[in-house]
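S.K.: Here it is: the structure, laid out below.
The values are calculated or read from the model by the stated rules, or taken from the named source; none is laboratory data. Bear in mind the structure is a predicted one, so any value in this text is a computation, not a measurement. FYI the Cβ positions are ideal-geometry reconstructions off the backbone, even for glycines, and counts take in every protein chain you see. Note: areas computed on protein heavy atoms with side chains; ligands, DNA, RNA excluded. Shrake-Rupley method; radii C 1.70, N 1.55, O 1.52, S 1.80 Å.
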Amino acid sequence: MNETEYKIYIDDVIRRVESARIKVNAHHIVKIVAISKYSDVQEIKDLYNIGQRAFGENKVQDLKAKSNELEDLPLEWHFVGNLQKNKINNLLDLKPTLFHGLDSLDIAQEIQKKCEAKNTTLNALLQINSAKEESKHGVMPEDALEVYEQIQKECPNIKLKGVMSIGAHSDDKALVRKSFETTHEIYKKCKDATICSMGMSGDFELAIKCGSNMVRLGSIMFNK
C-alpha cells in the first residue's frame, strides 16, 4: 500500500470514529492512540506523516527503544501495558504522556515512592476490570471509585486523568456494551476526570457510543 492508498485507508478509520462520535454529541471529542507494539519504526513514521501523533507501547523496553529512535519527531507516547514494580523507574525516566494501566492501589503506592525519590510526576488512568474477567488486570468496578479517591489522596505525584478498561471478551455485544457502560458510569463519578479510555480495533465504535473519549487502535491503524 503506497502513501496515498494508506492515507485513504486511515481517513476511512477516522471517518468511522467521527461517525460514532457525532452520534453521541457534536461536541464529543475522541482521541486516537495508535498502538504500535506490533509495528516498527518505519511504520510509525508512515502514520506520523499522515497526521497521527499519539502512539502507545505495552513494554517499557520497546517504548524506550522506539521513543529514542524517533526522538526528533514531536510524538506523544503512551504506556498501555501492565507495569511491573521493577520497571517503574525505567518508565518514569521515559516521561510518558500517559500511563493507561494503573491497576491497583499497591502499584500506585510503589509509583508514588519512586516519583517522590525522583521528584517527578506521572499522568495515569485507573484501569477497571469492568467485565470481571480473570484474564484482565484492573480494579473491580465496585471498588473503583474508592481506589480512585484513595490514590488521589495518598499519591499526589500520580496525576489521575480518568479511567480505562478493555471491553468484555465476548461475541455478545450486549455484554461488551455493559462493560463499557459500567466503566463510563464510574468515570462520571471520578473527581476531575477528563479521560475515559475504552475501545480497541474491534469494538471502538461501540465504546465511543458508550462515552469513550480515547480509543486505543492497533491493528486497524497499521492495516494488519
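S.K.: Of all residues in region 105-141 being farther than 14 Å from M164 by Cβ and of a type in the set (S, T, Y), which is modelled with the lowest pLDDT?
M.R.: So, considering only residues that are farther than 14 Å from M164 by Cβ and of a type in the set (S, T, Y), the one modelled with the lowest pLDDT is S135.
S.K.: Same structure, new question: May I ask you to list the residues in region 26-41 that are open to solvent by less than 70 Å² (accessible area, probe 1.4 Å) and either within 17 Å of H184 (Cβ to Cβ) or of a type in the set (D, E) (or both)?
M.R.: H28, V30 - these are the residues of region 26-41 that are open to solvent by less than 70 Å² (accessible area, probe 1.4 Å) and either within 17 Å of H184 (Cβ to Cβ) or of a type in the set (D, E) (or both).
Table: residues versus (1) assigned to a helix (DSSP H, G or I); (2) open to solvent by 20 Å² or more (accessible area, probe 1.4 Å).
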residue: I111; (1), (2): yes, no
residue: K114; (1), (2): yes, yes
residue: A117; (1), (2): yes, yes
residue: A124; (1), (2): no, no
residue: S130; (1), (2): no, no
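S.K.: Got a sec? Which of A193, A168 is in contact with a Lys or Arg (Cβ under 8 Å, 6 or more places away or on another chain), modelled with pLDDT under 95, open to solvent by 10 Å² or more (accessible area, probe 1.4 Å) and within 27 Å of L63 (Cα to Cα)? Quick ask: steps written out before the conclusion?
M.R.: Details: A193 fails: modelled with pLDDT under 95.
So the residue among A193, A168 that is in contact with a Lys or Arg (Cβ under 8 Å, 6 or more places away or on another chain), modelled with pLDDT under 95, open to solvent by 10 Å² or more (accessible area, probe 1.4 Å) and within 27 Å of L63 (Cα to Cα) is A168.
S.K.: Quick one: count up the residues across region 132-164 that are touching a His at 6+ places or on another chain (Cβ under 9 Å) and either at positive phi or open to solvent by less than 60 Å² (accessible area, probe 1.4 Å) (or both). Steps first, please.
M.R.: Residues of region 132-164 touching a His at 6+ places or on another chain (Cβ under 9 Å): 133, 135-136, 163-164.
From what's left, either at positive phi or open to solvent by less than 60 Å² (accessible area, probe 1.4 Å) (or both): 133, 136, 163-164.
Adding up the residues that qualify gives 4.
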